[in-house]
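Below is one structure, written out as structure tokens; the observations come after it.
What follows draws every value from the coordinates through simple rules; no lab data is involved. Note that this is a predicted model, so its numbers are computed, not measured. Cβ coordinates were reconstructed from backbone atoms using ideal geometry, including for glycine residues, and neighbour counts include every protein chain displayed.
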């Protein structure tokens, strides 16, 4: 009888010990799993947009320039261009040079993150945004869109330099390679989100451009003199600046039309 009691007591103690051991191991498993999840959250990687070759400042990004790179999320959160957003930087220019395999940050892109709230966030330091009255045919049949680069031309009626009592009409390029921030109420942000689709039919009559404070004064003066402004659309990769562009009036056209046509034909032949 005594031996049976001892046997039962031993079995009970063994069961209790096994239960306690199991509870201890479960607690350790939970502790390890919790630590594992904490480390995964702390060092979780995400795929971000990078450049697959070294690029200088001013480069308009193309699909061939883009690659993807795994990085620790907490180190770049809120600043880097995610892989899913890479299309939002295509055709947009770098404002600083990037080495090969470098992540692309919104601060590297001209105009910044289009999903930021408000147009003011897209205005770079020492620059200004101003809207000019341009639409329809004057904006390349309404096909100018946010993110494009344009030249701004103006046509004005001015006193003739040779005949004091007469007026003459002249056209002149006011500024070249200007970034378009908005067309009407559509910005890069609303364009990406599919909102305010007033550009689809060319239905805007103002264009907002990014210019320097001195250029703001020129544009304001040009509009106040009842001049007519027209936009010329540029290829996003074309950063060439034409030097010494003249004022054009009827006399200038008569004098140079043949020469200009000849030069254009010669240039077109070089492209073949």
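Protection proxy ranking for 238-245, 125-132, using the average of other Cβ atoms within 10 Å per residue and placing the highest first: 125-132, 238-245. Extending 7 Å from Cα along the Cβ direction at residue 72 and again at residue 26 yields two label points whose distance is 3.5 nm. Remark: spin-label model distance residue 212-residue 83 equals 4.2 nm, labels positioned 7 Å along the Cα→Cβ axis. Computed across segment 119-270, the Kirkwood radius stands at 17.1 Å (inverse of mean 1/r, all Cα pairs).
Mind jotting down a quarter of the surface of the convex hull over the alpha carbons of segment 45-108, in square nanometres, one decimal? Don't skip to the end; give the middle numbers.
On the way: hull surface 14.4 nm².
Computed as one quarter of the Cα hull surface, the answer is 3.6 nm².
Applying 1/(1 + (r/R0)^6) with r as the Cβ-Cβ distance of residue 255 and residue 235 and R0 = 22 angstrom yields a FRET efficiency of 0.15.
When only alpha carbons are used to place a centre, segment 245-259 and segment 133-161 end up 19 Å from one another.
Quick one: length gained pulling residue 243 to residue 221 fully straight, 0.36 nm per residue minus the C-alpha distance?
Using 0.36 nm per residue and subtracting the Cα-Cα distance, I get 5.7 nm.
Extending 7 Å from Cα along the Cβ direction at residue 19 and again at residue 267 yields two label points whose distance is 9.2 nm.
Taking the mean number of other Cβ atoms within 10 Å as a proxy for protection, how do you rank 92-98, 256-262, 205-211 from highest to lowest? Mind showing how you got there, number by number?
Numbers: 92-98: 17.4, 256-262: 10.4, 205-211: 21.1.
So the order, starting with the most tightly packed, is 205-211, 92-98, 256-262.
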